[in-house]
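> First the structure, then my questions, so here it is.
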Amino acid sequence: MKKKIQLDKDSIRPLFFKYYIPILTSLLSITLHQVIDGAILANYVGKEGVATVGMFGTIITIFIAFGLTLVIGGGILIGKNIGAGNYTKAQEIFQFTTTLAIVFGLIILLLTPFTIHYIVSYLVGNSESELFDNTLDYMFWGFMWIPIFLLRMILGNAISHDGAPKVTRNASIFGVVVNIILDVLLIIIFPFGTAGASIATGISVLLSVCYLVFYINKENGHLRIRNYRFTLKLKEWKALLNYGIPSFVSEISFSIGLLLINIRLAQFGAVFVSVFGIVNYLSFIFLRLFTSAMISTLPIMSFNIGAKLPKRVLGVLKFSLVFTFGLGIVVVALGFLIPEFLVSLFSGSESEEFKHMASASLGLFFLFFIVAGPNYILGAYLQSIGKLAPSIVLNLLKGCVLIIIPLFFIPDYLGDEKEWIWLSRTFAEVAAFVVVGFYVLNRRDAFFSHQAILK
C-alpha cells in the first residue's frame, strides 16, 4: 500500500521534493505543449497563428491574475483548515472558490459575443487583415473556455493542498497529451486554423477537469463532490482575499514590468524587441523551476500553520530559500556558459548577428535568477502567515516599480544604457529582496516568531 504524504511528520527535504517533482513535471509538460503548439501553428497557419497565441497570452494574464487570487488564497485557507482538522470548513472554502470561478467565467463567456470584436480591434487594428481573422477565431473560442480554465486552476490547487500533488500532475500531463493529439487533428488533418487550436485547448482542459473531479469523487482526501453546494457566501472571504491579493499584484506588476522593458527596447529598433522575445521566452521556461518551488511550499506551510507547528513552517522556509538560491546560481551559470546553444533552440534561421546579440543579452538578463527564487519563497511565506502589506510591496517592487530606475533614470556615465535594460530585472529583484528582507529581519519578532506564524 502506497504511503500517504504526512505534511506534519515527514522530513522536510523529501517532503518538499514530493511536491516539487510532480509540480515541476506538470509545468514543464505544459511548456512542452506550448512549444509544440507554436511549431504546429507556425508551419500550418503561419506567423500570424503564433502572433495570435502571443496576443491572447497578454489578455489571459488578467484572468490568471484573478484565478491566482482564488487559487492561492483558497489554497492557503484549505491547507490551514485541513491541518487543524477542520474538514467541514475546508469544504466550505472549496465550494466558495469553485463557485466564484464558475460565476466569473460564465460572465466572461456571456459577454464575449458582444465584446470580442472591440478587444481584437484594439490589439490588432486593421479589421481587414488575416491577423485580425486569426486572432478573432482564437480569442472567441479561448474566451468560451475561461470558466473551465479557472475551474481547472482551483481544483488542481485544492487537491495539492489536500495532499495529492501527483494527481494534479497526472491531470496536467493527460491534458497536454490530449491537446497535442487534438492540435494535430484540428489544425493539420482538419484545417480549422487558430480556431482549431483554441478548441483543442478547451477540450483538453475540460477533460483535465473531469479527471480531477473523478479523483475527488473517489473520496481519497478530505474534499467532497457528494453533497456539493454552489455558494457565494463565506465568512472568511476577507481572509481569502488577503492571502490571494499579493499573487494578483505579482502577476499584474510582472506583466507591466515586461511591457516597460519592451517599450524601452523598441526605441532601439525592432531587432531588439525580437531579441527580447527570444530571451524572455527562455527565461519563462527556466522560471518554471522557481515557480514550482514556490507552489510546493504553500501547502506544506499552510498545513503546518493550521496544525500549530511553527518550527516546521520555518524549516520549510529555510530549506526552500537555500534550494532556490543554489538553483539560481546554476541557471545563471547556464546563461553565461551555453547562451549560444539556448538561443539557437528558438532562433531558427535568424542571422548569426542576431544570435550573437541574443546570446550576449541572455547572460545579463539571466542574472535575475540569483534572487528570483528566494523572492518567490519569501513572498509565499509572507502570504501564508497573513502579512499582506510586505508581500504586496515585495511583488510591486520587483515586478515593475524598481524596474523603472535602470530603464529610464541611469545616467550615461554608469555605462551602456542597453546593458542596463537587460539588467533591469536583476536590479529590481535584488533591490526588492534587500529592502523587504532587511525590513522583515529587522522586525523578526513580527514575522518569524512562533506567535507571528500562528496568529
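> State whether the residues of segment 364-376 include one that is over 30 Å from Ile72 (Cα atoms) and either in a helix (DSSP H, G or I) or open to solvent by less than 50 Å² (accessible area, probe 1.4 Å) (or both). I'd like the intermediate steps shown before the answer.
Residues of segment 364-376 that are over 30 Å from Ile72 (Cα atoms), as a first pass: 364.
Keeping just the survivors that are either in a helix (DSSP H, G or I) or open to solvent by less than 50 Å² (accessible area, probe 1.4 Å) (or both) gives 364.
Checked against the condition, which is being over 30 Å from Ile72 (Cα atoms) and either in a helix (DSSP H, G or I) or open to solvent by less than 50 Å² (accessible area, probe 1.4 Å) (or both), segment 364-376 yields at least one hit.
> Quick one: Arg288 ticks every box in (1) more than 22 Å from Tyr243 (Cβ to Cβ); (2) outside any helix (DSSP H, G or I) except a single one, so which number is it?
It is condition (2) that Arg288 fails.
> Given the residues Val331, Val343, Val322, which is the only one that is under 18 Å from Ala380 (Cα atoms) and either in a helix (DSSP H, G or I) or at pLDDT 95 or above (or both)?
Working: Val331 fails: under 18 Å from Ala380 (Cα atoms); Val343 fails: under 18 Å from Ala380 (Cα atoms).
Step by step, each of Val331, Val343, Val322 is checked, and only Val322 is under 18 Å from Ala380 (Cα atoms) and either in a helix (DSSP H, G or I) or at pLDDT 95 or above (or both).
> Regarding segment 111-122, can at least one residue be identified that is open to solvent by less than 20 Å² (accessible area, probe 1.4 Å) and within 22 Å of Leu186 (Cα to Cα)? Full working, then the answer.
Going residue by residue through segment 111-122, those that are open to solvent by less than 20 Å² (accessible area, probe 1.4 Å) are 112, 116, 120.
After this cut, where a residue has to be within 22 Å of Leu186 (Cα to Cα) as well, the list is none.
No, the conditions are met nowhere in segment 111-122.
> OK, next. Mind listing just one residue for me: the one in segment 424-442 that is among the aromatic types (Phe, Trp, Tyr) and farther than 18 Å from Leu259 by Cβ and, of those, most open to solvent (accessible area, probe 1.4 Å)?
Initially, segment 424-442 is screened for residues among the aromatic types (Phe, Trp, Tyr), giving 427, 433, 438-439.
Now drop any that are not farther than 18 Å from Leu259 by Cβ, which leaves 433, 438-439.
Details: Phe433: 66, Phe438: 146, Tyr439: 103 Å².
By that ranking, first place goes to Phe438.
> A follow-up question, please. Could you grab me the full set of residues in segment 83-94 that are open to solvent by 10 Å² or more (accessible area, probe 1.4 Å) and in a helix (DSSP H, G or I)?
We begin by selecting, within segment 83-94, every residue open to solvent by 10 Å² or more (accessible area, probe 1.4 Å); these are 83-89, 91-92.
Those that are open to solvent by 10 Å² or more (accessible area, probe 1.4 Å) and in a helix (DSSP H, G or I): Gly83, Tyr87, Thr88, Lys89, Gln91, Glu92.
> Hey, any hits in segment 293-303 for a residue that's open to solvent by 40 Å² or more (accessible area, probe 1.4 Å) and either within 15 Å of the chain's Cα centre (by Cα) or not charged (D, E, K, R) (or both)?
At the first step, the residues of segment 293-303 found to be open to solvent by 40 Å² or more (accessible area, probe 1.4 Å) are 295.
So of that shortlist, the ones also either within 15 Å of the chain's Cα centre (by Cα) or not charged (D, E, K, R) (or both) come out as 295.
Scanning segment 293-303 turns up at least one residue that is open to solvent by 40 Å² or more (accessible area, probe 1.4 Å) and either within 15 Å of the chain's Cα centre (by Cα) or not charged (D, E, K, R) (or both).
> Please specify each residue of segment 233-278 satisfying the condition of being β-branched (Val, Ile, Thr) and either within 15 Å of Gln383 (Cβ to Cβ) or touching a strand residue (DSSP E or B) at 6+ places or on another chain (Cβ under 8 Å) (or both). Steps first, answer last, please.
As a first pass, look at segment 233-278 and keep what is β-branched (Val, Ile, Thr): 245, 249, 252, 256, 261, 263, 271, 273, 275, 278.
Matches in segment 233-278: Ile245, Val249.
> So, one more: Of all residues in segment 385-405, how many are out of contact with any Gly (no Cβ under 6 Å at 6 or more places or on another chain), more than 12 Å from Gly257 (Cα to Cα) and assigned to a helix (DSSP H, G or I)?
5
> Next up: Of these, Ala200, Ala158, which one is more than 30 Å from Ile82 (Cα to Cα), open to solvent by less than 10 Å² (accessible area, probe 1.4 Å) and at pLDDT 90 or above? Write out each step before concluding.
Values: Ala158 fails: more than 30 Å from Ile82 (Cα to Cα).
Being more than 30 Å from Ile82 (Cα to Cα), open to solvent by less than 10 Å² (accessible area, probe 1.4 Å) and at pLDDT 90 or above holds for just one of Ala200, Ala158, which is Ala200.
> Test Ala239 against the criterion of being over 25 Å from Ser26 (Cβ atoms), open to solvent by less than 40 Å² (accessible area, probe 1.4 Å) and not aromatic (Phe, Trp, Tyr), and give yes or no. Write out each step before concluding.
Working: over 25 Å from Ser26 (Cβ atoms): yes; open to solvent by less than 40 Å² (accessible area, probe 1.4 Å): yes; not aromatic (Phe, Trp, Tyr): yes.
So Ala239 passes the test.
> Got a number for residues in segment 180-197 being out of contact with any Gly (no Cβ under 6 Å at 6 or more places or on another chain) and open to solvent by less than 10 Å² (accessible area, probe 1.4 Å)?
First, the residues of segment 180-197 that are out of contact with any Gly (no Cβ under 6 Å at 6 or more places or on another chain): 180-185, 188-193, 195-197.
Pick out the ones that are also open to solvent by less than 10 Å² (accessible area, probe 1.4 Å) and you get 183, 196-197.
Going through segment 180-197 one residue at a time, the tally reaches 3.
> Another one. Go through the residues of segment 348-363 one by one and say whether even a single one is closer than 22 Å to Phe286 by Cα and not in a helix (DSSP H, G or I). Before you say what the answer is, go through the steps one by one.
Initial filter on segment 348-363 (closer than 22 Å to Phe286 by Cα): 348, 354-363.
Then keep just the ones that are not in a helix (DSSP H, G or I); that gives 348.
For segment 348-363, residues closer than 22 Å to Phe286 by Cα and not in a helix (DSSP H, G or I): present.
> Checking the structure you have, find out if any residue of segment 228-237 is polar (S, T, N, Q), closer than 19 Å to Pro165 by Cα and modelled with pLDDT of 85 or more.
Filtering segment 228-237 down to residues polar (S, T, N, Q) leaves 231.
When the remaining residues are screened for being closer than 19 Å to Pro165 by Cα, the result is none.
No; the residues of segment 228-237 include none that is polar (S, T, N, Q), closer than 19 Å to Pro165 by Cα and modelled with pLDDT of 85 or more.
> Have a look at Thr58, Thr112, Thr69 and point out the one that is hydroxyl-bearing (Ser, Thr, Tyr), within 21 Å of the chain's Cα centre (by Cα), at pLDDT 75 or above and in a helix (DSSP H, G or I). If you could, list the steps in order and put the result at the bottom.
Working: Thr58 fails: at pLDDT 75 or above; Thr112 fails: within 21 Å of the chain's Cα centre (by Cα).
After ruling out the rest, the residue left standing is Thr69.
> Also, I was wondering about something else. Could you grab me the full set of residues in segment 237-289 that are within 22 Å of Phe369 (Cα to Cα) and of a type in the set (Lys, Arg)?
First, the residues of segment 237-289 that are within 22 Å of Phe369 (Cα to Cα): 246-262, 264-265, 272-289.
Those that are within 22 Å of Phe369 (Cα to Cα) and of a type in the set (Lys, Arg): Arg264, Arg288.
> Quick one: Val316 ticks every box in (1) at pLDDT 90 or above; (2) under 23 Å from the mean Cα position of the chain (by Cα); (3) surrounded by fewer than 19 Cβ atoms within 10 Å (Cβ to Cβ) except a single one, so which number is it?
Only one criterion in (1) at pLDDT 90 or above; (2) under 23 Å from the mean Cα position of the chain (by Cα); (3) surrounded by fewer than 19 Cβ atoms within 10 Å (Cβ to Cβ) is unmet by Val316, namely (3).
> From the set of residues in segment 98-110 that are in contact (Cβ under 8 Å) with a residue 40 or more places away in the chain, in contact with a helix residue (DSSP H, G or I) (Cβ under 7 Å, 6 or more places away or on another chain) and aliphatic (A, V, I, L, M), which is most open to solvent (accessible area, probe 1.4 Å)?
Here is the first cut: in segment 98-110, the ones in contact (Cβ under 8 Å) with a residue 40 or more places away in the chain are 98-106, 108.
Now narrow it down to the ones that are in contact with a helix residue (DSSP H, G or I) (Cβ under 7 Å, 6 or more places away or on another chain): 98, 100-102, 104-106, 108.
Filter once more, so that each one left must be aliphatic (A, V, I, L, M): 100-102, 106, 108.
Details: Leu100: 51, Ala101: 1, Ile102: 42, Leu106: 82, Ile108: 29 Å².
Ranking the candidates gives Leu106 first.
> Checking Val209 against (1) out of contact with any Lys or Arg (no Cβ under 7 Å at 6 or more places or on another chain); (2) of a type outside the set (Lys, Arg); (3) open to solvent by less than 20 Å² (accessible area, probe 1.4 Å), only one condition comes out false. Which one?
(1)
> Identify, from the list Trp141, Trp145, the residue that is more than 30 Å from Leu223 (Cα to Cα), buried (at least 17 other Cβ atoms within 10 Å of the Cβ) and not β-branched (Val, Ile, Thr).
Values: Trp145 fails: more than 30 Å from Leu223 (Cα to Cα).
After applying the criteria, what remains is Trp141.
> Where in segment 121-239 are there helices (runs of 4 or more DSSP H), lying wholly inside it, with at least 2 residues that are closer than 30 Å to Ile5 by Cα and either charged (D, E, K, R) or touching a residue at least 12 places away in the same chain (Cβ under 8 Å) (or both)? Even if it seems obvious, please write down each step before you answer.
Details: elements: 130-144, 146-161, 165-183, 193-217.
By residue number, 146-161, 165-183, 193-217.
> When you look at Leu407, is it open to solvent by less than 20 Å² (accessible area, probe 1.4 Å), more than 24 Å from the chain's Cα centre (by Cα), under 21 Å from Gln267 (Cβ atoms) and of a type in the set (A, V, I, L, M, F, W, C), yes or no? Walk me through it before giving the result.
Details: open to solvent by less than 20 Å² (accessible area, probe 1.4 Å): yes; more than 24 Å from the chain's Cα centre (by Cα): yes; under 21 Å from Gln267 (Cβ atoms): yes; of a type in the set (A, V, I, L, M, F, W, C): yes.
For Leu407, the condition - open to solvent by less than 20 Å² (accessible area, probe 1.4 Å), more than 24 Å from the chain's Cα centre (by Cα), under 21 Å from Gln267 (Cβ atoms) and of a type in the set (A, V, I, L, M, F, W, C) - is met.
The values are calculated or read from the model by the stated rules, or taken from the named source; none is laboratory data. It should be emphasised that the depicted structure is a prediction, and the values quoted were computed from it without experimental measurement. Don't worry about glycine lacking a Cβ; one is built from the backbone with ideal geometry, like all the others, and counts go over all protein chains shown. Please note that ligands, DNA and RNA were not included when accessible areas were found on the heavy atoms of the full protein model with its side chains. Shrake-Rupley method; radii C 1.70, N 1.55, O 1.52, S 1.80 Å.
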